[in-house]
Amino acid sequence: MFLKKMLLITTVIVSISGYFLQAQDQKEVFLSLSRQPEYLESLPNNILTIGTKEISESGATNLAELLQKETLIYTSKTGTVGALSSISLRGMSSADVLVLIDGQPLNSISVGMADLSSLPLNSVERVEIIRGPASAIYGFGASGGIINLITKKLATQKLNVDFNYGSFNTIDTNINVNKQLGNNYFNFSAGKTKSSGQRQNSDYENTRVAAKFGVESPEYSLNLSGQYFSSLTGSPGPLSLNNLPLTVEEYDGNIENSAASPRARQKDERNIWQSQYKKYFKSGDLTFNLFYRYNEQNYRDPDWFTDNTYFEYVYKPQVIYNWRNLINIGIETQPEKYINKDNQAFLTKMDNWRSNTAVFYEQKIATEKLTFRPSLRYDNNSAFGEAFSPQLSVIWKTPENFSLIQKLSFNCGQSWRAPTFTQLYWPEETFTWFGTNYTTRGNSELKPEKSIGGDIGISRQGSISYNLNYYFNQTENKIQNYTEYPDPTTILTYPKNIARTTSQGIECSITHKINQYSRQHLDYTYTWALDETTKKLLVYQPLNRLGYTISAEIQKLDVELSGNFIDQQLTEYDTWLPGYFLLDTRIGLTLSDNLRLCFTVNNILDKKYQNRAGYPLPGQTLSASINWKFL
């Protein structure tokens, strides 16, 4: 409590000290920290950017594939292309990481997380990542950090065609058209992915379309964008043996490719519409954003007489005033609606809504060597009442004679996460198995989870660059499933605020430019994530993660070899998934300015592994791609 009060007081005191403002360097490198272009010298050490070149050369078709080799970010998946894939940052769950597109939320309001496999990269220019609390900027659900997909704007090429073929008969095609005429620009992309999958009933198919139209002038800018995504996938479910999840030691060449649910199918559809109008003034700019997202999901399993359809509606108007790229003040409201229908019973099981209104303030106060970034956000939620999210970042650029350390940064912030619609309002349901009644329901009395966290780190740029951070997080009112036994024949399970969790650890990145043609990169993360209530480690949080990449680019040929080690992980069944090491390689050949070939081998050593209990993952996989650019 004392730390929270001191953080709030410090934020307010620093905020009113604006007369220390001085001019800054003009190099723009980052948008997500303050929703405005930022400068390298002013940025803390907890950010990461994946640029256009890296996305293109990776061969990834969705966000899950792109992030799986980023050691500072832990992604876990349940199968091959199209299978559910989630993310964890600094020991925080996927529901604590807010995934955005151009600053607007993509996380499901029913389960809290975003499925990374359903986020294609065909219209993405770069990915920006903040590790650590970011609720003061983006609101609830950002206790662990944010992943922001920045979509393409102005582009030079007019037509770009990609084709990729890989293991399990995976075919991915994509076309991008970019046109600029004076102050106007237009981007259009369309693509399709199809795969047979590794396991029985794990086939996958998606179709995606995205378009953006914009106008840029000295007085104002305007852009309108829309995205459509639909997919159909088999849902084979987790495999078990003797009432426990199937382990890699029990693989026999056949059982790991079978399905627990051989006829379960899932169909998803997502529509996103965004508009932004920005008016420029001498002293800054005023931005009007309007965001709408619609999700529909149908899950059907004839073997269990299940046929449910879920609908999500999210609206978000927002106004932000920026003064000289130093102060941002904004107001927004976000109504949300969730509907759950049982198609077999012709019954609407859930039809609920809530609304969140917020005002936020962010400021940059800088001298030549020292930068303060105080932020404060006030939220008023129709279901939970009020919440404050203060945050403070301090960046110190060391004197030039400090050769080993060029920058020191400190971040600390308070965040909160609202219970999901299913946690709150799921209707009571009971099924009987061998005389025992198993009952589940939601809990409308749930409170938001509240957390406080931060980091302190040092960094250096040069032929040998490094970034070293210590981070911490503490969460109160953690929501977990709770089991009661009302009578000898009934087991009741429902969510409850019963836990207190902590996580702390170290992040280290080292990049060495060997020469003008090659470089090597090392990432290491240590995470100690603990449930203070039970004194057990949190599930699916490996203690150690280590990644190494060496790459070379000589004339038209570029080669990359990477290895990743993931430590053992505790599961929800109190069992352990064994640690594993994956070795991957990529070879690219640029035949001309308009034609590039790429060949990738993942899991060269054909390692058997899992990062979710009961979900076998593929061994060695191959893919080849070709990219044409027509100017």
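The values are calculated or read from the model by the stated rules, or taken from the named source; none is laboratory data. None of these values were measured; they are calculated from a predicted model. FYI the Cβ positions are ideal-geometry reconstructions off the backbone, even for glycines, and counts take in every protein chain you see.
Of the residues screened, residue 263 is one that is within 30 Å of residue 608 (Cβ to Cβ), charged (D, E, K, R) and either in a loop (DSSP other than H, G, I, E, B) or modelled with pLDDT of 95 or more (or both). Residue count for region 366-394 satisfying the condition of being among the β-branched types (Val, Ile, Thr) and at pLDDT below 95: 2.
Each residue in region 326-344 was checked for being under 26 Å from the mean Cα position of the chain (by Cα) and surrounded by fewer than 18 Cβ atoms within 10 Å (Cβ to Cβ), and 5 pass.
For every residue, the table says whether it meets (1) over 22 Å from residue 524 (Cα atoms); (2) modelled with pLDDT under 95.
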site	(1), (2)
81	yes, yes
93	no, yes
99	yes, no
103	yes, yes
109	yes, no
116	yes, yes
120	yes, yes
123	yes, yes
128	no, yes
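The numbered conditions (1) within 29 Å of residue 409 (Cα to Cα); (2) in contact with an Asp or Glu (Cβ under 7 Å, 6 or more places away or on another chain) are all true for residue 73 except (2).
Quick grid of which residues meet (1) in contact with a Pro (Cβ under 7 Å, 6 or more places away or on another chain); (2) over 24 Å from residue 153 (Cβ atoms); (3) surrounded by 24 or more Cβ atoms within 10 Å (Cβ to Cβ):
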| residue | (1), (2), (3) |
| --- | --- |
| 61 | yes, no, yes |
| 65 | no, no, no |
| 69 | no, yes, no |
| 72 | no, yes, no |
| 77 | no, yes, no |
| 82 | no, yes, yes |
| 85 | no, yes, yes |
| 106 | no, no, no |
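Selection of first residues in region 569-587 that are farther than 13 Å from residue 248 by Cβ and of second residues that are surrounded by fewer than 14 Cβ atoms within 10 Å (Cβ to Cβ) and charged (D, E, K, R), restricted to Cβ pairs under 8 Å at least 6 apart or on distinct chains, gives the following pairs, ordered by first then second residue: 570/536. Among the numbered conditions (1) among the hydroxyl-bearing types (Ser, Thr, Tyr); (2) modelled with pLDDT under 95; (3) under 25 Å from residue 523 (Cβ atoms), the only one that residue 470 does not meet is (2).
None of 196, 217 is among the hydroxyl-bearing types (Ser, Thr, Tyr) and over 21 Å from residue 290 (Cα atoms) except 196. Residues considered: 61, 49. Of these, the only one that is of a type in the set (S, T, N, Q) and either at pLDDT below 85 or farther than 26 Å from residue 394 by Cα (or both) is 61.
Of the residues that sit in region 515-540 and are surrounded by 14 or more Cβ atoms within 10 Å (Cβ to Cβ) and more than 23 Å from residue 94 (Cβ to Cβ), which one is farthest from the chain's Cα centre (by Cα)?
Across region 515-540, the extreme among qualifying residues is 518.
Being in contact (Cβ under 8 Å) with a residue 60 or more places away in the chain and of a type in the set (A, V, I, L, M) is the filter here; which residues of region 203-225 pass it? Correct list: 210 only. With respect to being surrounded by 17 or more Cβ atoms within 10 Å (Cβ to Cβ), charged (D, E, K, R) and over 27 Å from the mean Cα position of the chain (by Cα), residue 567 falls outside the description. Take the conditions (1) within 25 Å of residue 390 (Cα to Cα); (2) in a strand (DSSP E or B); residue 446 misses just one of them, which is (2).
Of the set (1) out of contact with any Ser or Thr (no Cβ under 6 Å at 6 or more places or on another chain); (2) part of a strand (DSSP E or B), all apply to residue 362 but (1).
The number of residues in region 572-609 that are among the hydroxyl-bearing types (Ser, Thr, Tyr) and either buried (at least 18 other Cβ atoms within 10 Å of the Cβ) or more than 26 Å from the chain's Cα centre (by Cα) (or both) comes to 5.
Strands (runs of 3 or more DSSP E) wholly in region 150-250 with at least 1 residues that are crowded, with 19+ Cβ neighbours inside 10 Å and basic (Lys, Arg) - which ones? Even if it seems obvious, please write down each step before you answer.
On the way: elements: 159-166, 170-181, 184-195, 204-216, 220-234.
Fully inside region 150-250 and qualifying: 204-216.
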